[in-house]
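Asks: Mind looking over this structure? Questions follow.
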Amino acid sequence: MIVREIDATNQSLGRMASKIAMMLRAKDTAGWTPHIMPSVQVVVHNLDKVVFKGTKATSTKYYRHSGYPGGLRERTLEEMWARNKSEVLRLAVRGMLPENRQRDQLLKNLIVK
């Protein structure tokens with residue numbers, strides 16, 4: 001198991017998430033093969049020091065639906081960040097991984113400290 005560490009101090013959330021997605025898939029290694037599950041673990045430190053520029057924190061919205069009529073709920077990035085920082089990072093990285101059977105397995109290798 002290869003362990004890679006990232007310091008999130010003064011980094012943008014999206015740029016950091018794209019780096020993490022590449023590392024989780026091991027695309028930066030010489031022996032990358034798309035159908036083989038890599039044994040890479042990414043550890044993120046200092047997540048509370050991530051920087052949001054402009055109006056990103058107030059204009060970005062996260063939606064979820066309860067399944068009932070009128071059950072659409074929305075939260076801004078600012079509200080989600082106050083509740084659970086690691087969930088915001090997980091959702092950002094999840095959106096940058098391919099939609100296949102490996103995605104959930106790859107996300108298990110993302111650790112936030």
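Bear in mind that the values in this text are calculations on the coordinates, not laboratory data. None of these values were measured; they are calculated from a predicted model. Counting neighbours? That spans all protein chains shown, and the Cβs are built from the backbone with ideal geometry, glycine included.
Asks: Evaluate the relative contact order of the stretch 1-41 (contact order divided by residue number), counting alpha-carbon pairs under 8 angstrom at least 6 apart; express in whole percent.
Replies: 58
Asks: Related question: Mind checking the dipole of the chain: about its Cα centre, +1 per Lys or Arg Cβ, -1 per Asp or Glu Cβ, Debye to the nearest 20?
Replies: 100
Asks: 222 nm [θ] for the chain, helices only, -39500 (n - 2.57) per DSSP H run of 4+, per residue, to 500?
Replies: On the way: 5 runs with 41 residues, N = 113.
Only helices count here, giving -10000 deg cm²/dmol.
Asks: Relative to the present Cα-Cα distance, how much length would full extension add between residue 12 and residue 28 at 0.36 nm per residue of separation?
Replies: Full-extension gain reported as 3.7 nm.
Asks: So, one more: Express as a percent, rounded to the nearest 5, the fraction of DSSP beta bridges in the chain (both residues included) that run antiparallel.
Replies: Approximately 35 percent, going by the DSSP bridge assignments.
Asks: Specify which residue in the list 68, 109, 81 is farthest towards the positive end of the charge dipole of the stretch 55-110, using unit charges on the beta carbon of Lys, Arg (+1) and Asp, Glu (-1), about the Cα centre.
Replies: After comparing all options, I get 109.
Asks: Hey, how many Å between the Cα centroid of the stretch 51-113 and the Cα centroid of the stretch 1-49?
Replies: Between the Cα centres of the stretch 51-113 and the stretch 1-49 lies a distance of 17 Å.
Asks: Right, another one. Which length gain, in nm to one decimal place, applies between residue 99 and residue 51 when the Cα-Cα distance is subtracted from 0.36 nm times their residue separation?
Replies: 14.5 nm
Asks: Would you please give the FRET efficiency between residue 5 and residue 75, computed as 1/(1 + (r/R0)^6) with r the Cβ-Cβ distance and R0 = 35 Å, to the nearest 0.05?
Replies: Working from the Cβ atoms, E equals 0.75.
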